[in-house]
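The values are calculated or read from the model by the stated rules, or taken from the named source; none is laboratory data. It should be emphasised that the depicted structure is a prediction, and the values quoted were computed from it without experimental measurement. All Cβ positions, even for glycine, are placed from backbone atoms using ideal geometry, and neighbour counts span all protein chains on display. Note: accessible area is taken over every heavy atom of the protein model, side chains too, but ligands, DNA and RNA are not part of it. Shrake-Rupley method; radii C 1.70, N 1.55, O 1.52, S 1.80 Å.
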Amino acid sequence: MTLLEATQVRHLFGGLCAVADFNLDLQAGQLMGIIGPNGAGKTTIFNLITGVYQATEGSIRFKGTELVGLTPHQITALRIGRTFQNIRLFRDLSALDNVRIAHYAQADYSPLEALLHIGRYRREEQRIIDNSRRLLAIFKLEHLAGEMAKNLPYGLQRRLEIARALAIDPELLLLDEPAAGMNPNEIDQLMEFIQWIRTEFKLTILLIEHQMKLVMGICERIKVLDFGETLAEGPPLAIQNDPKVLEAYLGQESVG
Amino acid sequence: MSAVLKDAWNGLLDQAWLVPALLLIGFGLAFAIPEYNLLNKYIQLVLMYIGINIILTVSLNLVNGYMGEFSLAHAGFMAVGAYTAALLTMKVLPVAAYPVLFPLAVLAGGIVAAIMGLIVAVPSFKIRGDYLAIITLAFLMIVKSAIENIDYIGGPRGIPGIKRLTTLPWVFFWTVATVWMIRNFVYSKYGRGVLAIREDEIASDLMSVNTKRVKFLAFMLSSFCAGIAGALFAHLLQFISPRVFDIIKTTDVLIMVYLGGIASIGGSILGATAYTALMEVLRPSTMAALFNWLPDLIFDPLNQYIIQNLGVWRMVIMPLLLVLVMLYWPRGMMGQREFRGFIPRRDRDAYRRINAPVNAPGEKP
Ligand SMILES: Nc1ncnc2c1ncn2[C@@H]1O[C@H](COP(=O)(O)OP(=O)(O)OP(=O)(O)O)[C@@H](O)[C@H]1O
Ligand SMILES: [Mg+2]
């Protein structure tokens, strides 16, 4: 079953074409990677999917629903969670509140119930707290629940951001360079971890990454972008040996 | 030793009966004080001003503290509430029905102010920071000049002869009710949305927070409470005019917010109380009494000068105080912190340690 489908998406920033003729067919349960040199348009694609930018042309459908034209919170409420290349936690709020905030769309109570703390408010708040604590526990962050996000070490901030994205209860998870700034040992752990949350939360994952080890190690399909254009798409082995890809990466990083 | 005391203190604060008991005592006092003249009339008046200022401060804190905007419109919402309620009690409601219908008039003041709050909420969707501050200032000026130009409501002369319907029990009731609602709002998904917007609006939206809705609700609740405060104020002062609700009034509330500390209900209550009391002490008559009491301490002509010019100096000291507090005491009395008793038990318990066994790979300790 196709979960996310993009057809002929194009995005211009003024005169700059950041994404051109972008097509995507992401099957439910798949783990797909997007790679490409700096400025290739990878993050822009995430921003187009999640509604931060409106595609200049083309269509993006999630389970048949057209996403182009929806606001970010509407798209997120369809159960698409994401992280950011440059961590964007709510820095001055506690780790727990960071995760609780992401339950907004799920919290099923009205402003009146919130104002008077009556009705569904109590049940829902308790459920949200329990779920947030469960997520923090899974990420080994429960002892830091009361800590401000900005006071966590970098690695833990990355983890908290994934925990927050999972609070959306996503079917599709978008990870933007989750291994950025990690050492090889941490990357190994992260690979194992991504595999684990994938089965545990029944996720479809689209991830952007520069670390070839991670991309080649866990992705089932890989899409290569360069200057907004799709250079190649296929399983890791085919991508590794694709001459066009090797050329684009020449002098950047050795593939493999 | 102090740890034992602290535990005992926290244990007391955790008692579920504490808040209802305090409220009951408060209500009892609010009725008893005017009934048996337990405090002199002047102190009673000051207590009522403190209550009204608490409502104004807590509600402005929702926008300026929790949401991190800088709204200057508060006095405008207060004016809307004051005029709405005053017109209702003077021109519409039958005299015989005052005691029963006064709360309805106050409520109406709040509701009309809340509707005006929508007008300020809409530009906040697109604009933030300094530009929004300017728009709220413009709103304040528009409200003022609109009132000045409507003859039916007294124009620049205002409305004299409003019935004094605001009493200590009513002030107590509305203060408790509005503070309680704002506290409830803050500790809900909407309140957390407000905090998230302050931190990072785009990230909030991407974490499913309906930021427009949250802003709508926050501005409406804030202006609703300002309208309530205005209605009470009008029926205490018994005279309102556009001049009463100018930028100086907003500045007063701003000082109370930042003095008490942003994003803290407890702080706002402290800030409003301290500042209102301070301003009463700085009144020429109070100062005169004080200087008479200490005749030899300060050179007499200086006393006379201070007493006579206090009104003018107040206009210099107040904004200066605001600037100094914001620059050198950004946390105020209890910025970003809260009285334990105000935090819902559920929220406090959420941070209790648990050690549930969870096995996630790649993270083995
Ligand atoms: N908001 C924006 N306004 C104008 N140009 C932008 C904007 N965002 C991105 N761009 C441009 O679009 C192009 C693609 O940017 P994008 O961030 O998607 O690249 P990327 O593939 O994620 O790169 P990196 O690996 O460095 O993260 C770049 O040339 C960038 O400068
Ligand atoms: Mg990027």
Residue tally, condition more than 14 Å from every other protein chain (Cβ to nearest Cβ), crowded, with 21+ Cβ neighbours inside 10 Å and acidic (Asp, Glu), over region A:164-216: 1
Kindly check whether there is at least one residue in region B:152-161 that is at negative phi, open to solvent by 10 Å² or more (accessible area, probe 1.4 Å) and not in a helix (DSSP H, G or I). yes
Does A:Thr44 meet the test of being among the polar types (S, T, N, Q) and in contact with a Pro (Cβ under 6 Å, 6 or more places away or on another chain)? no
Scanning region A:59-97 for residues that are touching a residue at least 60 places away in the same chain (Cβ under 8 Å) and not aliphatic (A, V, I, L, M) gives A:Phe62, A:Lys63, A:Thr76, A:Arg79, A:Gly81, A:Arg82, A:Thr83, A:Phe84, A:Gln85, A:Arg88
Can you find a residue that is basic (Lys, Arg) and either surrounded by 19 or more Cβ atoms within 10 Å (Cβ to Cβ) or not in a strand (DSSP E or B) (or both) anywhere in region A:24-46? yes
Please list, ordered by first then second residue, the pairs with beta carbon atoms under 7 Å, 6 or more apart or interchain, first in region A:111-126 and farther than 23 Å from B:Phe219 by Cα, second surrounded by 17 or more Cβ atoms within 10 Å (Cβ to Cβ). A:Gly119/A:Tyr109; A:Gly119/A:Glu113; A:Arg120/A:Tyr109; A:Arg120/A:Glu113; A:Glu124/A:Ala107; A:Glu124/A:Tyr109
Selection from region B:176-198 of residues that are of a type outside the set (A, V, I, L, M) and either within 7 Å of another protein chain (Cβ to nearest Cβ) or open to solvent by 20 Å² or more (accessible area, probe 1.4 Å) (or both): B:Trp180, B:Arg183, B:Asn184, B:Phe185, B:Tyr187, B:Ser188, B:Lys189, B:Tyr190, B:Arg192, B:Gly193, B:Arg198
Does B:Met333 satisfy the criteria of being more than 30 Å from A:Ile128 (Cβ to Cβ), open to solvent by 30 Å² or more (accessible area, probe 1.4 Å) and either modelled with pLDDT under 90 or not β-branched (Val, Ile, Thr) (or both)? yes
Can you pull out every residue in region B:136-151 that is surrounded by fewer than 19 Cβ atoms within 10 Å (Cβ to Cβ) and assigned to a helix (DSSP H, G or I)? B:Leu137, B:Ala138, B:Met141, B:Ile142, B:Ser145, B:Ala146, B:Glu148, B:Asp151
Which one is farthest from ligand 2 (Cβ to nearest atom) among residues in region A:159-179 that are at pLDDT 95 or above and in a helix (DSSP H, G or I)? A:Ala167
Pair list, Cβ under 7 Å, 6 or more apart: region A:30-44 residue within 14 Å of chain B (Cβ to nearest Cβ), other residue in a loop (DSSP other than H, G, I, E, B) and within 9 Å of ligand 2 (Cβ to nearest atom): A:Thr43/A:Gln85
Would it be correct to say that B:Ala114 is touching a Ser or Thr at 6+ places or on another chain (Cβ under 7 Å) and either at pLDDT below 90 or within 14 Å of another protein chain (Cβ to nearest Cβ) (or both)? yes
Answer residue from region A:124-151, given it is within 24 Å of A:Gln195 (Cα to Cα) and outside any helix (DSSP H, G or I) and is farthest from the other protein chains (Cβ to nearest Cβ) among those: A:Leu141
Candidate set: region A:4-23, residues that are more than 16 Å from A:Leu225 (Cα to Cα) and away from ligand 1 (no atom under 15 Å from the Cβ); chosen: the one surrounded by the fewest Cβ atoms within 10 Å (Cβ to Cβ): A:Glu5
Out of (1) open to solvent by 50 Å² or more (accessible area, probe 1.4 Å); (2) closer than 22 Å to B:Arg340 by Cα; (3) in a helix (DSSP H, G or I), the one B:Ala16 does not meet is (3)
For region B:199-244: of the residues being of a type in the set (Lys, Arg) and more than 12 Å from chain A (Cβ to nearest Cβ), which is least open to solvent (accessible area, probe 1.4 Å)? B:Lys215
Check A:Leu160 against each of (1) among the hydrophobic types (A, V, I, L, M, F, W, C); (2) more than 7 Å from chain B (Cβ to nearest Cβ); (3) more than 28 Å from A:Val215 (Cα to Cα); (4) in contact (Cβ under 8 Å) with a residue 12 or more places away in the chain and name the one condition it does not meet. (3)
Kindly check whether there is at least one residue in region B:263-273 that is modelled with pLDDT of 80 or more, within 14 Å of chain A (Cβ to nearest Cβ), open to solvent by less than 80 Å² (accessible area, probe 1.4 Å) and under 17 Å from the mean Cα position of the chain (by Cα). yes
Residues located in region A:48-95, provided they are under 30 Å from A:Met212 (Cβ atoms), more than 8 Å from chain B (Cβ to nearest Cβ), open to solvent by 20 Å² or more (accessible area, probe 1.4 Å) and within 13 Å of ligand 1 (Cβ to nearest atom): A:Tyr53, A:Gln85, A:Asn86
